[in-house]
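Written out below as structure tokens is the structure these notes cover.
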Amino acid sequence: MSGQAEFETSLTDRPTVLVTLTGADRPGLTSAVLSTLATRGLEVIDAEQVVLRGRLVLGVLVSAPRDHKFLKDELKALEAVLGVDISVKKGIGDNEPRRKGRSQVTVIGHPLTAAGLAAIAGRIADTGANIDRISRMARYPVTALEIAVSGADPEALRTVLALEGVRQKLDIAVQAGGLYRRAKRLIVMDVDSTLIQGEVIEMLAGHAGRLEEVAAVTEQAMRGELEFAESLHHRVAQLAGLPESALDEVYQAIQLAPGARTLVRTLKRLGYQFAIVSGGFSQITDKLAADLGIDYAAANQLEIVDGKLTGRVIGDVVDRAGKAVALRRFAEQSRTPLSQTVAIGDGANDLDMLAAAGLGVAFNAKPVVREAADTHLSVPYLDTILYLLGISREEVEAADADNPA
């Protein structure tokens, strides 16, 4: 028998004691319990602690002493001194190992109701899976919880919870658990109606007096009803004769999606690479990349002659297939495996990119995109993507406080 197997067998058979404290949180409670256990030379096998609205719950699993009754009496005396509740339960062994099929389920609600969370927990139980741990990722402007689940295939769980999420009006993301879940190191994002609010081509069309016609074609293309390259050439033709200065005016009018700066800033601090890929125009995306500190950018290039738009684009069109090509190129340049990439988009021309990435996120997307993506977000805050990556709002705020702009 290997040393590891012998160790696990010894843990399974040995007597243990579970000490649980509950009470109003204040400094020194955990120390007091552990100090009492320390006087008997006990081994700590497991410990967990959580505080909810000032209420502390502490659990410590230790090797059982020979004089179990005396330890219990000491802890009961400590209970009276501290003004808390302490339970002592003798048993055998450690926690049961988590079953195979580990998933991380992120639940985002605005609001998150008890009925909604109960429904999600119920569907997890229906699959035969177990909830091992729940932790809060954010409390505003949305409530986000991360649920560690074991005992179910992640793909099967995703299907079940996606349907329940629609019924409960909750955003649900299911990702395979394990080490590599936290190793996604390249973010590739669509620009129009994702990183920024609105469509640049429509803003340019407004300057040219052709907004209604261009907007109608854009909507058809985003729904997948028109081939993107054809729709792009048709729309760009409406911009012929527009002065180049209109591009600067449009750029100044652009509004980022709520949470966009937080998302980029936080992930860059963590060493992520960031890319934008757009069916829009490099005259805009290159400036966005420079202003936000984004590493890579790909977009179509408008032809400009004598200070005016000609109504044509130069080179290959960045369409649905082109976005996936760009994602692969950025992954290669950043030396990131595709399995460790995240793609974010809203339109039909993002579908290939979302499918190619390790995690495809539909952000306030059209129905065809929501149905195809690994997960979707319907809240307007782009930084909620951080919660899918295991980064909490508290961690973001702490990093901002330590590194003020």
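Select from the range 246-281 the residues that are in a helix (DSSP H, G or I), within 23 Å of residue 300 (Cα to Cα) and polar (S, T, N, Q) and list them in ascending order. Scanning the range 246-281 gives a single hit, 252.
Of all residues in the range 142-163, those that are farther than 18 Å from residue 116 by Cβ and touching a residue at least 24 places away in the same chain (Cβ under 8 Å) have Cβ atoms under 8 Å from Cβ atoms of residues that are acidic (Asp, Glu) and open to solvent by 40 Å² or more (accessible area, probe 1.4 Å), 6 or more apart or on another chain, in 148/132; 150/132. Selection of the range 220-253 for residues being polar (S, T, N, Q) and closer than 23 Å to residue 287 by Cβ yields 238, 245, 252. The set of residues in the range 330-340 being open to solvent by 40 Å² or more (accessible area, probe 1.4 Å) and touching a strand residue (DSSP E or B) at 6+ places or on another chain (Cβ under 8 Å) consists of 333 alone.
Please enumerate the residues belonging to the range 163-188 that are closer than 16 Å to residue 366 by Cα and of a type outside the set (D, E, K, R). Once the filter is applied, which keeps residues that are closer than 16 Å to residue 366 by Cα and of a type outside the set (D, E, K, R), the range 163-188 yields only 166. On the given criteria, is residue 129 under 30 Å from residue 15 (Cα atoms) and either touching a helix residue (DSSP H, G or I) at 6+ places or on another chain (Cβ under 7 Å) or of a type in the set (Lys, Arg) (or both)? The answer is yes for residue 129. Can we say residue 323 is touching a strand residue (DSSP E or B) at 6+ places or on another chain (Cβ under 7 Å), basic (Lys, Arg) and within 25 Å of residue 235 (Cα to Cα)? When the stated conditions are applied, residue 323 passes them. Applying a threshold of 7 Å to beta carbon distances and a minimum spacing of six or more residues, or different chains, the list of pairs starting in the range 117-131 at a residue that is touching a residue at least 12 places away in the same chain (Cβ under 8 Å) and ending at one that is assigned to a helix (DSSP H, G or I) and among the acidic types (Asp, Glu) reads 119/164; 120/164; 123/164. Residue check: residue 83 meets all listed conditions (1) within 20 Å of residue 359 (Cβ to Cβ); (2) out of contact with any helix residue (DSSP H, G or I) (no Cβ under 8 Å at 6 or more places or on another chain) but one, namely (1). Considered as a group, the residues in the range 297-329 that are open to solvent by 10 Å² or more (accessible area, probe 1.4 Å) and of a type in the set (Lys, Arg) include one that is modelled with the lowest pLDDT, and that residue is 320.
For the structure I just gave you, tell me whether residue 217 is over 30 Å from the mean Cα position of the chain (by Cα), of a type in the set (Val, Ile, Thr), surrounded by 16 or more Cβ atoms within 10 Å (Cβ to Cβ) and modelled with pLDDT under 95. When the stated conditions are applied, residue 217 passes them.
For the range 224-241, a residue qualifies if it is assigned to a helix (DSSP H, G or I), touching a residue at least 24 places away in the same chain (Cβ under 8 Å), open to solvent by 20 Å² or more (accessible area, probe 1.4 Å) and farther than 21 Å from residue 352 by Cβ, and exactly one does: 237. When the range 249-286 is filtered for residues that are of a type in the set (A, V, I, L, M), over 20 Å from the mean Cα position of the chain (by Cα) and open to solvent by 50 Å² or more (accessible area, probe 1.4 Å), only 253 remains.
Residues 185, 181: which one is at pLDDT below 95, farther than 15 Å from residue 374 by Cβ and of a type in the set (Lys, Arg)?
185
Exactly one residue out of 324, 299, 289, 343 is more than 25 Å from the chain's Cα centre (by Cα) and closer than 13 Å to residue 189 by Cα, and it is 299. When you look at residue 198, is it at pLDDT 90 or above, part of a loop (DSSP other than H, G, I, E, B) and not aliphatic (A, V, I, L, M), yes or no? Criteria met by residue 198.
The values are calculated or read from the model by the stated rules, or taken from the named source; none is laboratory data. Here the structure is a predicted model, which is why all the values come from computation and not from measurement. Using ideal geometry, Cβ is built from the backbone for each residue, glycine included, and neighbour counts are taken over all protein chains shown. The area values use the complete protein model at the heavy-atom level, side chains included, leaving out ligands, DNA and RNA. Shrake-Rupley method; radii C 1.70, N 1.55, O 1.52, S 1.80 Å.
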